[in-house]
Structure formats: structure tokens, C-alpha cells
Amino acid sequence: MRLAALSVDLDEIPCYTAIHGLPALESEAQHAVYRKCVPRFESLFAELGISSTFFVIGRDLVDERAASAVSRLHKAGHELGNHTYDHHYDFTRRDSSQIRAQILNGVQAIERAAGVTPVGFRAPGYTITDTVFDALEDLGAKYDSSVFPCPSYYTLKAAAIGSYKLRRRPTQSIVDDLRVLSAPAEPYRVGRPYSQRGHGLLELPIGVTGDWSARLPYIGTSVIMAGARGAKALTRLIAGRSLVNLELHGIDLADAEQDGLQGLAPHQPDLRKTLAAKLETLRATIDALRDRGYEFVTLADAARVFSSIQNHDH
């Protein structure tokens, strides 16, 4: 069995200015993810015949155009997942009642916009804790997809945060517990701590290449920056995983010139790639996965498959 899932985190542009400690961009550019990138993803996935999972930040749905887009995605057969209500980067450092409220309010915002209850969750910045898992189970989530056991990503993120602190430039980003690096890279039920196998909520980890290849990141940023040929090479390194969980962001189909994001481009390397180049790379990546026998499903579909297998095993 070889399953592949594409998921798109719909982090709007203010999330990126917050990471990089930058002032807000011009008002229309602030909405580039929903107004420019989401329609591009819709067209790409329709062209390729893929149903994807879109992780939605609840607060964005106050905007009627964003709420309409989310409803449209659901009607087109895509899954909607919960990405918290406010996307606080320090989400895991808040108390248990605040964590629960962020999860629940995110669920309710999606219900209001699209009339569907999300079953999956992804934490801001891939950072998660046992406390979050407790809240997710209590609130009825069927799976989580936040664990990113990637040494190079962890190192680069920690270095970037340290650099911003040295320059006294504010950033809202935080690093995860170091134990995440020892977590399984295949679907598993979480234990205590969540980085160990147990009998808790089903975890669908973010994609990393095989352990023998140092668990390189297999996410939108790394794939797009690698270009079409490099993406095919990364796909060879991840082939063999029972689930390839390719996590993208809305900004992965942004174009700095077309979308008024020139001020963000010096700080966001993927914005230096044109939209045409990004589309070419994603098409090549999907073709490479299909050539290796991967069937594309939503994360909810993958969760049903792996839950059934693991329940049978126990």
C-alpha cells in the first residue's frame, strides 16, 4: 500500500510578516493567499484529479471571501482541517484552557463557513505537545498531522530564531521539543511523550525522506526550492514510505510580482521563484509519486486506512 496526501496550510500573509518581524504589507497583498493562491490550487488539483486537505485558520473566515473559498473547496471534494483559530506561534505555551479554546473555536469557524466538522488538526509551526494531544482527543479529533521529525529543518529554524534575537528583530516563531526528532516518520498512535508510539490519537507525520538519507524535509518549500529535477530526486529518497505526506502552504503558489509581495520576497526564499516555475515543480513532483505507484488521498482518507490497520494489529 502506497498512499500520498497533499495538504495545504492556508496561512495568510500576516503570518509571514509576524515570523520575520516585518510591518504589515499593503492591504490587498495581505489577502494574497485566499484571493490569489487558493484559486490556483483549485485549478491545479482539478487538472490533476486530486482531492487535497486544506488546513484553515478560523479567524480568516471572518472575511466573507475567505469563508466563500473554504465552502467552495469543501463542495469540490477537498477536506478541511483545523489549523487553530488564531494561529498563535506560541500556541503550545499557552495554558490548557486557551489551547482547548483555540482548537474548539477553529472547529466552529469551519462549521459556520462550510457546514462540515473538521476531523484533522495541524498545529502552527508544526509545534505540538502532550497537552495539545489531550485536548484533541477530548474534542473528538480523528487524527493530527503536526509532527515533523526533520533534523535539518529543526536546526535551520533554531538558527533563524537565534539570528533574529541577535539583531533584536521580533519574531513569533518558536522551536519544538528536541524529542520530536526521534519520533516515527510513518503513521503511528502517540504515546507519552507524543514522540513515542502508544495507544493515543493517530499521528500522520509531515513528510521526510528515508532514515538512511538523514530525514530530509519533503515539504512545499524544499520541493519548490529544489526545482523540478531536484524534486524528482527528493521523491526517490522518500519513495517507500507507506504514506507520503507532502505539506504545502498557500504561499507556495504565490508570485511576488503578480501578488504585490515584493517586500516579503527578500525574507521568504520561495517567493524568489516564479509562479510558472512553482507549478512546473509541483506537477513534476506529483508525476514522480504516481510513477512510483502512489495513490493520492486526503489525510482523512489516509487516517481511516491507517486507523483500520493499527486497530486490527492491536
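Note on the stretch 179-226: residues that are surrounded by fewer than 19 Cβ atoms within 10 Å (Cβ to Cβ), of a type in the set (Ser, Thr, Tyr) and under 22 Å from residue 4 (Cβ atoms) amount to 2. Among the residues making up the stretch 128-150, those that are in a helix (DSSP H, G or I) and either under 19 Å from residue 56 (Cβ atoms) or in contact with an Asp or Glu (Cβ under 6 Å, 6 or more places away or on another chain) (or both) are 132, 135, 136.
I'd like to check something: does the stretch 258-268 contain any residue that is surrounded by 20 or more Cβ atoms within 10 Å (Cβ to Cβ), among the charged types (D, E, K, R), modelled with pLDDT of 95 or more and closer than 17 Å to residue 299 by Cβ? Scanning the stretch 258-268, I find no residue that is surrounded by 20 or more Cβ atoms within 10 Å (Cβ to Cβ), among the charged types (D, E, K, R), modelled with pLDDT of 95 or more and closer than 17 Å to residue 299 by Cβ, so the answer is no.
For the stretch 40-61, how many residues meet the condition of being within 20 Å of residue 16 (Cα to Cα) and touching a helix residue (DSSP H, G or I) at 6+ places or on another chain (Cβ under 8 Å)?
Within the stretch 40-61, residues that are within 20 Å of residue 16 (Cα to Cα) and touching a helix residue (DSSP H, G or I) at 6+ places or on another chain (Cβ under 8 Å) number 9.
Of the residues 114, 101, 76, 69, the single one that is over 17 Å from the mean Cα position of the chain (by Cα) and buried (at least 23 other Cβ atoms within 10 Å of the Cβ) is 69. Would you point out which residue out of 13, 57 is farther than 30 Å from residue 304 by Cβ and buried (at least 23 other Cβ atoms within 10 Å of the Cβ)? Residue meeting the stated conditions: 13. Considered as a group, the residues in the stretch 44-66 that are touching a residue at least 60 places away in the same chain (Cβ under 8 Å) and not in a loop (DSSP other than H, G, I, E, B) include one that is farthest from residue 281 (Cα to Cα), and that residue is 56. Tell me, yes or no, whether the stretch 243-254 has at least one residue that is of a type in the set (Asp, Glu), closer than 27 Å to residue 203 by Cβ and either surrounded by 21 or more Cβ atoms within 10 Å (Cβ to Cβ) or in contact with a Gly (Cβ under 7 Å, 6 or more places away or on another chain) (or both). The answer is yes; a qualifying residue exists. Just one of (1) buried (at least 17 other Cβ atoms within 10 Å of the Cβ); (2) of a type in the set (D, E, K, R); (3) over 14 Å from residue 249 (Cα atoms) fails for residue 2. It is (1). Considering 125, 106, the condition of being assigned to a helix (DSSP H, G or I), at pLDDT below 95 and not aromatic (Phe, Trp, Tyr) is satisfied by 125 alone. Every condition in (1) surrounded by fewer than 24 Cβ atoms within 10 Å (Cβ to Cβ); (2) within 24 Å of residue 204 (Cβ to Cβ); (3) in contact with a Ser or Thr (Cβ under 6 Å, 6 or more places away or on another chain) is met by residue 7 except one, and the failing one is (1).
The values are calculated or read from the model by the stated rules, or taken from the named source; none is laboratory data. A quick note: this is a predicted structure, and the numbers were derived from the prediction, not measured. Please note: Cβ atoms are built from the backbone with ideal geometry, for glycine as well, and neighbour counts cover all protein chains shown.
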